1. All but one of (1) open to solvent by 20 Å² or more (accessible area, probe 1.4 Å); (2) in contact with a Pro (Cβ under 6 Å, 6 or more places away or on another chain); (3) closer than 25 Å to Arg12 by Cβ hold for Leu122; state the number of the condition that does not hold.
2. (1) touching a Phe, Trp or Tyr at 6+ places or on another chain (Cβ under 9 Å); (2) in a strand (DSSP E or B): which one isn't true of Tyr110, the others all being true?
3. When you look at Ile50, is it part of a strand (DSSP E or B) and open to solvent by 50 Å² or more (accessible area, probe 1.4 Å), yes or no?
4. Please note which helices (runs of 4 or more DSSP H) are completely contained in the stretch 116-193 and include at least 3 residues that are without any contact (Cβ under 8 Å) to a residue 40 or more places away in the chain.
5. Yes or no: Glu20 modelled with pLDDT of 95 or more, acidic (Asp, Glu), open to solvent by less than 40 Å² (accessible area, probe 1.4 Å) and under 22 Å from Glu131 (Cα atoms)?
6. Considering every residue within the stretch 186-193, establish whether at least one is closer than 19 Å to His57 by Cα, of a type in the set (D, E, K, R), touching a Pro at 6+ places or on another chain (Cβ under 8 Å) and open to solvent by 70 Å² or more (accessible area, probe 1.4 Å).
7. Pairs under 6 Å by beta carbon, first residue among the β-branched types (Val, Ile, Thr) in the stretch 12-34, partner surrounded by fewer than 17 Cβ atoms within 10 Å (Cβ to Cβ), six or more apart or different chains?
Amino acid sequence: MTQKTLVIDLDRCTGCMACEIACKQENGVPLGVYLNKVHTIGPMGTFPDIKQYFLPHVCQVCKDAPCVKVCPTKAHAKHPELGGLVLIDRQKCIGCGACIAACPYGARAYNPETKVVEKCTLCNHLQAAGEKPACVKVCCAHARYFGDIDDPESDVSKAIAAAGPENVHSMPDSGNKPTVRYILHKKNGDWLE
């Protein structure tokens, strides 16, 4: 089965926030609403041995997405034909926020302009045109990879293999099976759950 996702190399991420801007511009995300937010982790340690990294916070493209289970109008749906993406039908969404509460990663946002909940779609509309998500295309540090995590020949699988298992991390799994992976070597920072 195909499972499209992101791998983000935190060793390479410079915190430039181009991914945030590209997401907002490509998807018409209003001020104060984020589908992709870059957080600064650190600094940690004592001078001169200080570590810091930037952590882009996005939908974790869960294999067993809790947002789908709690949606009272079935506006959230997982689409195996689209590589396992969870998409929101804006016509069905009533903006109740049940999905926001159910997401263990805080990766949903209420859009006050459209009165519906939104989330990262990995730029499904760009994928349909044969392109990569906007955040991947604009990353000047080449820290973002997109592809099928179940395909050993995909960019994401190759990045994971090259990093080594001890340097590949994910957000905590509470039974939802997040697929986004983060690469962070110990020399650059301590992964915080």
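The values are calculated or read from the model by the stated rules, or taken from the named source; none is laboratory data. It should be emphasised that the depicted structure is a prediction, and the values quoted were computed from it without experimental measurement. All Cβ positions, glycine included, derive from the backbone under ideal geometry; neighbour counts span all protein chains shown. Keep in mind that these areas ignore ligands, DNA and RNA; they rest on the heavy atoms of the full protein, side chains included. Shrake-Rupley method; radii C 1.70, N 1.55, O 1.52, S 1.80 Å.
1. Every listed condition holds for Leu122 apart from (1).
2. Tallying (1) touching a Phe, Trp or Tyr at 6+ places or on another chain (Cβ under 9 Å); (2) in a strand (DSSP E or B), Tyr110 fails exactly one: (1).
3. So Ile50 passes the test.
4. Where helices (runs of 4 or more DSSP H) fall fully within the stretch 116-193 and carry at least 3 residues being without any contact (Cβ under 8 Å) to a residue 40 or more places away in the chain, they are 155-163.
5. Yes, satisfied.
6. Within the stretch 186-193, one or more residues are closer than 19 Å to His57 by Cα, of a type in the set (D, E, K, R), touching a Pro at 6+ places or on another chain (Cβ under 8 Å) and open to solvent by 70 Å² or more (accessible area, probe 1.4 Å).
7. So the pair list comes out as Thr14/Ala141.
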